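J.: There's a structure below that I have some questions on.
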Ligand code: HEM
Ligand SMILES: *[C@@H]1O[C@H](CO)[C@@H](O)[C@H](O)[C@H]1NC(C)=O
């Protein structure tokens with residue numbers, strides 16, 4: 001009897017050891033021993049890129065978002081198309097829009113050089129570059145969790161089905177975020193990513209010519225560089241100060257000067273109005289919530305332990 005329960009205990013311990021994944025949790029210290037120069041190197045390359053072109057900070061932040069919303073933060077967005085990879089770069093939200101891939105390549109080669117071998121994942125590079133970009137443009141900092149590994153697959157279909165569209169109303173936006181384990185507060189805080197960067201005319205054309213919840217003077221101003229026919233790639237800032245991480249995006253929303261339909265949806269008489277108003281006058285509250293939600297977004301379904309791989313070239317599977 002005693003020996004039987006001992007056997008049971010033994011079997012249980014063996015089973016637990018076999019199934020526990022001790023390396024599953026991300027940690028800020030992941031590269032401290034294996035390559036202490038990794039993070040300072042990423043920061044240096046990001047700062048140089050943003051110095052050269054302010055918009056690059058916005059583009060790098062967006063890459064991390066578009067990575068995480070498609071089967072987790074696994075650098076799937078960076079894979080180029082091959083006979084077996086249906087590249088996410090060709091998804092609606094990314095085609096002729098996502099940018100910054102050359103900077104990511106540059107970061108990767110410099111990091112691998114200082115580390116002496118490829119130990120830093122492309123997924124972690126995107127997460128750190130997003131943080132360093134925000135800081136470079138005057139935004140808050142946060143501790144980036146590390147240890148994500150890179151996918152060996154990509155899915156254009158999943159990108160199309162998961163990344164929110166600029167033509168969505170509030171309920172659809174809430175659903176896309178909740179599908180990722182992100183709540184309505186995360187939606188509003190993270191949409192604050194639009195305090196920096198630009199959008200192309202085709203994404204806001206219908207809004208500035210056809211919608212009524214828009215400041216007429218703002219609509220006219222945008223119409224002057226975004227014609228009703230053609231000019232689809234002409235840029236307009238998502239925020240009046242597109243190179244500064246401030247509260248301009250939210251103050252604009254309160255004035256019905258949101259550029260995208262999905263931006264104004266956050267302040268259109270619905271449940272998120274109050275939070276938009278709070279952020280519009282409280283940079284501290286926005287910054288703190290943005291940082292918190294960025295960490296939460298960065299934790300979406302990472303590949304850890306023996307899953308995935310550390311890519312040598314972020315654009316292709318090893
Ligand atoms: C809430 C749903 C969202 C929608 C519908 C949306 C949509 C868009 C669209 C259409 C653009 C313009 C792209 C172009 O014209 O090529 C854009 C740009 C941008 N988005 Fe979002 N976005 C959303 C959320 C986010 C989030 C959560 C972040 C980051 C935390 C973010 C960061 C950015 C940045 C920084 C840019 C400017 C990129 C650049 O200038 O290169 N967006 N977004
Ligand atoms: C405005 O709406 C009409 C009717 O839906 C549409 O045909 C037209 O293309 C829209 N205009 C713009 C500039 O998007």
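J.: Testing residue 73 on (1) part of a helix (DSSP H, G or I); (2) in contact (Cβ under 8 Å) with a residue 24 or more places away in the chain; (3) crowded, with 21+ Cβ neighbours inside 10 Å, one condition comes back false. Which one is that?
T.: That leaves (1) as the condition not met.
J.: How many residues does the range 82-115 contain that are free of Cβ contacts under 8 Å to residues at least 60 places away in the same chain, surrounded by fewer than 14 Cβ atoms within 10 Å (Cβ to Cβ) and outside any helix (DSSP H, G or I)?
T.: 3
J.: Every residue in the range 138-165 that is crowded, with 18+ Cβ neighbours inside 10 Å and closer than 19 Å to residue 258 by Cα, please.
T.: The one that is crowded, with 18+ Cβ neighbours inside 10 Å and closer than 19 Å to residue 258 by Cα: 164.
J.: Something else now. Looking at this structure, is residue 204 within 27 Å of the chain's Cα centre (by Cα) and either more than 10 Å from ligand 2 (Cβ to nearest atom) or assigned to a helix (DSSP H, G or I) (or both)?
T.: Yes; evaluated as a whole, the condition is true for this residue.
J.: Something else: Any idea which of 152, 143, 157 is more than 16 Å from ligand 2 (Cβ to nearest atom) and not in a loop (DSSP other than H, G, I, E, B)?
T.: Details: 152 fails: not in a loop (DSSP other than H, G, I, E, B); 143 fails: not in a loop (DSSP other than H, G, I, E, B).
Of the residues listed, the single one that is more than 16 Å from ligand 2 (Cβ to nearest atom) and not in a loop (DSSP other than H, G, I, E, B) is 157.
J.: Follow-up question, since we're still on this one. Filter the range 216-229 down to the residues that are closer than 18 Å to residue 198 by Cβ, in a loop (DSSP other than H, G, I, E, B) and free of Cβ contacts under 8 Å to residues at least 24 places away in the same chain and list them by number. Before you say what the answer is, go through the steps one by one.
T.: First pass over the range 216-229, keeping only residues closer than 18 Å to residue 198 by Cβ: 218-219, 221-227.
Cutting the leftovers down to in a loop (DSSP other than H, G, I, E, B) gives us 224-227.
Matches in the range 216-229: 224 only.
J.: Now for a separate question. Looking at 242, 288 in this structure, which one is within 16 Å of ligand 1 (Cβ to nearest atom), assigned to a loop (DSSP other than H, G, I, E, B), under 26 Å from residue 127 (Cβ atoms) and not assigned by TED's automatic domain parsing to the domain that holds residue 129?
T.: On the way: 288 fails: assigned to a loop (DSSP other than H, G, I, E, B).
Result: 242 is the single residue among 242, 288 that is within 16 Å of ligand 1 (Cβ to nearest atom), assigned to a loop (DSSP other than H, G, I, E, B), under 26 Å from residue 127 (Cβ atoms) and not assigned by TED's automatic domain parsing to the domain that holds residue 129.
J.: Further question: Do we find a residue being away from ligand 1 (no atom under 14 Å from the Cβ), in a loop (DSSP other than H, G, I, E, B) and in contact with a helix residue (DSSP H, G or I) (Cβ under 7 Å, 6 or more places away or on another chain) anywhere in the range 170-193?
T.: No, every residue in the range 170-193 fails to be away from ligand 1 (no atom under 14 Å from the Cβ), in a loop (DSSP other than H, G, I, E, B) and in contact with a helix residue (DSSP H, G or I) (Cβ under 7 Å, 6 or more places away or on another chain).
J.: Quick one: how many residues across the range 256-275 are touching a helix residue (DSSP H, G or I) at 6+ places or on another chain (Cβ under 9 Å), in a helix (DSSP H, G or I) and surrounded by fewer than 18 Cβ atoms within 10 Å (Cβ to Cβ)? Let's see the steps before the verdict.
T.: Start the filter on the range 256-275 by keeping residues that are touching a helix residue (DSSP H, G or I) at 6+ places or on another chain (Cβ under 9 Å), which leaves 256-268, 270-273, 275.
Of the ones still in play, those that are also in a helix (DSSP H, G or I) are 261-264, 273, 275.
If we keep only those that are surrounded by fewer than 18 Cβ atoms within 10 Å (Cβ to Cβ) as well, we get 273.
Residues in the range 256-275 being touching a helix residue (DSSP H, G or I) at 6+ places or on another chain (Cβ under 9 Å), in a helix (DSSP H, G or I) and surrounded by fewer than 18 Cβ atoms within 10 Å (Cβ to Cβ): 1 in total.
J.: Residue 148 - would you say it is closer than 13 Å to residue 61 by Cα and in contact with a helix residue (DSSP H, G or I) (Cβ under 7 Å, 6 or more places away or on another chain)? Break it down stepwise before answering.
T.: Values: closer than 13 Å to residue 61 by Cα: no; in contact with a helix residue (DSSP H, G or I) (Cβ under 7 Å, 6 or more places away or on another chain): yes.
When the stated conditions are applied, residue 148 does not pass them.
J.: Which one is nearest to residue 163 (Cα to Cα), of the residues in the range 276-291 that are in contact with a helix residue (DSSP H, G or I) (Cβ under 8 Å, 6 or more places away or on another chain) and crowded, with 16+ Cβ neighbours inside 10 Å?
T.: Top of the filtered list is 290.
J.: Can you spot a residue in the range 201-210 that is at pLDDT 95 or above, under 12 Å from residue 266 (Cβ atoms) and within 11 Å of ligand 1 (Cβ to nearest atom)? Don't jump to the end; show me each part of the working.
T.: At the first step, the residues of the range 201-210 found to be at pLDDT 95 or above are 201-210.
Applying the additional criterion that residues be under 12 Å from residue 266 (Cβ atoms) yields none.
Scanning the range 201-210 turns up no residue that is at pLDDT 95 or above, under 12 Å from residue 266 (Cβ atoms) and within 11 Å of ligand 1 (Cβ to nearest atom).
The values are calculated or read from the model by the stated rules, or taken from the named source; none is laboratory data. Here the structure is a predicted model, which means the values were calculated and not measured. Don't worry about glycine lacking a Cβ; one is built from the backbone with ideal geometry, like all the others, and counts go over all protein chains shown.
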